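No lab work stands behind these numbers, since they all come straight from the coordinates. Keep in mind that what you see is a predicted model, and the values were worked out from it rather than measured. Neighbour counts are summed over all protein chains in view; Cβ atoms, including those assigned to glycine, are modelled from backbone coordinates with ideal geometry.
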Amino acid sequence: MTFLQVLVPLLKSGAWLAPKLFESEREKRGPSFWKRMKLLYTSKRQLASTHVRVSISYLFRIRIDGRYLLVKGRRINQYQPVGGVYKHDSQAVRDQFTKWDVREDEIMPIDIHSRDDLRVRVLGKNLIPFLNWFVSEKDRETTQQREFQEELVEPGYLSKAFATIDPRYLYTVWRPLTYSPHTQATELMVYQVFELKLTAAQEHELRHLQLPASGELRWVTEEQIKRLGDDQFKHLDPFRIGQHACYLLSSEG
C-alpha cells in the first residue's frame, strides 16, 4: 500500500484537522501537524479495534506574586490545578456514544460527581469522530464555571466575589497516545488551560487568601511544580503534586 493510499482516506475521515482546530492553532502552542497526523493514523490503523482511554479537561492557572494555587484532589492524594473534566449533557450524545461504542471509564467509581464526564473509553476507529464532536462544542459543557465553583466557592474558600469568573483561554495540550500500565490502556489526555482575568477585588482576595487548616489548598512555586512536590533537599515536608500541573507553566509541561 502506498503512502497516498493510506493518506487520502485518513484525511477524508479527519475533518477535525481542519477548519476549527487550525483556527485555534493560530492562537496557541498545540500539537504539530505531524503529531496530529500520527494520531489520525494510529487510531485508524493500529488501534481501530482497541478502546482508547480519553480524558478531556480544563485547568485554571491561578497565579499571584509568582505562586500558583492548587487544590487537593478528591480521589487522589495529591495537589493539582483547579478544574476538571468536561461533561456532556444530552440524551442525543448518549445515543451517539452508544453507536460509537463509547464506554464509561471504570477506573474511578461513577457517582454524582463523575457521571457524564468526558473520561471515557473510545473505540480507536471512532476516536476521530469523537474528537470532531468535542471540537464542535455541540451538546457538551463549554464553560469552565462548574469545577471552579465546586472546588473554591461552594466550600467557602473564596467569597461570592467569584460567583462570576472570566476565564481567558491560553492553550490546549494534546498528549500523545501513550500506554498506561496503571489503567492497562492506551490513553489520550487533553488539557485546555485557562487563566483568570481578575477584577481588583478578586485579586486582592486571592493575595490575602487564608489557607484552610485542612490543607485543601496550597500555594506553590514554579520550582515545586517542576519537582512534583516540595524540595526534600531543603528539608521541607514533601507533598505530591499531580504531573499535569506542569501544564500550568507551559504547553510543553
Sorted by packing (mean other beta-carbon atoms within 10 Å per residue), highest first, where do 79-85, 57-63, 213-219 land? 79-85, 57-63, 213-219
Burial ranking of peptide ranges 137-146, 220-229 (average Cβ count within 10 Å, highest at the top): 220-229, 137-146
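What do you get for Rg/Rh of segment 88-158 when both radii come from the Cα atoms and Rh is the Kirkwood radius? Write out the running numbers ahead of the final one.
On the way: Rg = 14.1 Å, Rh = 13.7 Å.
My calculation of the ratio gives 1.03.
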Here the Cα Rg-to-2.2 N^0.38 Å ratio for segment 135-253 is 1.25
Label point distance in nm, Lys99-Thr142, each placed 7 Å from Cα along Cα→Cβ: 2.1 nm
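Please list the equivalent ellipsoid semi-axes of segment 44-112, computed as the square roots of five times the alpha-carbon gyration tensor eigenvalues, in descending order and whole angstrom. Write out the running numbers ahead of the final one.
On the way: eigenvalues 192, 44, 36 Å².
The three semi-axes for segment 44-112 are 31, 15, 13 Å.
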Can you compute the modelled spin-label distance between Lys160 and Ala200, with each label point 7 Å from Cα toward Cβ, in nm? 2.2 nm
Treating each Cα of segment 90-205 as an identical point scatterer and ignoring solvent, apply the Debye formula and state log10 I(q)/I(0) at q = 0.10 Å⁻¹. -0.41
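Which pairs break 23 Å Cα to Cα here: Lys35/Lys138; Lys35/Lys125; Lys87/Lys226; Lys44/Lys226; Lys38/Lys125; Lys38/Lys138?
Working: Lys35/Lys138 25 Å; Lys35/Lys125 17 Å; Lys87/Lys226 29 Å; Lys44/Lys226 35 Å; Lys38/Lys125 14 Å; Lys38/Lys138 26 Å.
Table pairs above 23 Å Cα-Cα are Lys35/Lys138; Lys87/Lys226; Lys44/Lys226; Lys38/Lys138.
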Along the Cα-to-Cβ line of Arg63, 7 Å from the Cα, sits a label point; which residues in segment 203-222 have backbone N less than 12 Å from it? 221-222
Could you give me the percent of Cα pairs per 10 Å distance bin for segment 178-219, shortest bin first, beginning at zero and ending with the bin that holds the maximum distance? 20, 25, 24, 22, 9
Quick one: dipole size for segment 114-253, taken about the Cα centre, charges +1 on Lys/Arg Cβ and -1 on Asp/Glu Cβ, in debye to the nearest 20. 400 debye
